[in-house]
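Just below is one structure, and these are the notes that go with it.
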Amino acid sequence: MQHFVRPEGSPPVNGYSHAVSCTGELVAVSGQVPVDGDGRLVGEGDAEAQTRQVYANLATALQAAGSGLQHVVKLTVYLTDLQDLAAFRRVRDEHQDPTCPPACSLVQVVGLVNPAFRIEIDAWAVKPAEN
């Protein structure tokens, strides 16, 4: 992967790359929500706890596909409340290398499939070549 965090002439960033290029097999991960393996909501009313569960779900899905969080090329983040942005960023920064972050879009939405969900994240990743 090659990360173009802030190409000359582009606006400042906060934890994402303006562009990422990659070669290899792509892995698409459906939107992950804050539920555990038993389908129970995690962190009702707690944006940080919900974001942690979403990242855990992303990691599980990526691992099943032969990839991992370090191979994420693009994230799309859906927040129901922009006041949760700081919580998202705290958790995001624990899971990605700040020197080579993925490309990212963040969208505020009116609601998600369950009204108790505060966040959903989908991802594109690359499956690393086998050595």
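Miscellaneous remarks
- So residue 9, is it at positive phi and touching a helix residue (DSSP H, G or I) at 6+ places or on another chain (Cβ under 7 Å): no
- On inspection, residue 107 qualifies as surrounded by fewer than 17 Cβ atoms within 10 Å (Cβ to Cβ), within 22 Å of residue 28 (Cβ to Cβ) and touching a Phe, Trp or Tyr at 6+ places or on another chain (Cβ under 7 Å).
- Filter result for residue 110 (β-branched (Val, Ile, Thr), in a loop (DSSP other than H, G, I, E, B) and at pLDDT 95 or above): yes
- Whenever a residue of the stretch 61-83 is more than 11 Å from residue 107 (Cβ to Cβ) and in contact (Cβ under 8 Å) with a residue 60 or more places away in the chain, its partners that are surrounded by fewer than 21 Cβ atoms within 10 Å (Cβ to Cβ) and among the charged types (D, E, K, R), lying with C-beta atoms within less than 6 angstrom and at least six residues away or across chains, give the pairs 66/127; 67/127.
- Hits in the stretch 20-48 - residues which are within 15 Å of the chain's Cα centre (by Cα), among the aliphatic types (A, V, I, L, M) and either in a loop (DSSP other than H, G, I, E, B) or surrounded by fewer than 16 Cβ atoms within 10 Å (Cβ to Cβ) (or both): 28, 33
The values are calculated or read from the model by the stated rules, or taken from the named source; none is laboratory data. Fair warning: this is a prediction, and the values are worked out from it, not measured in the lab. We place every Cβ from the backbone using ideal geometry, glycine too, and count neighbours over all the protein chains shown.
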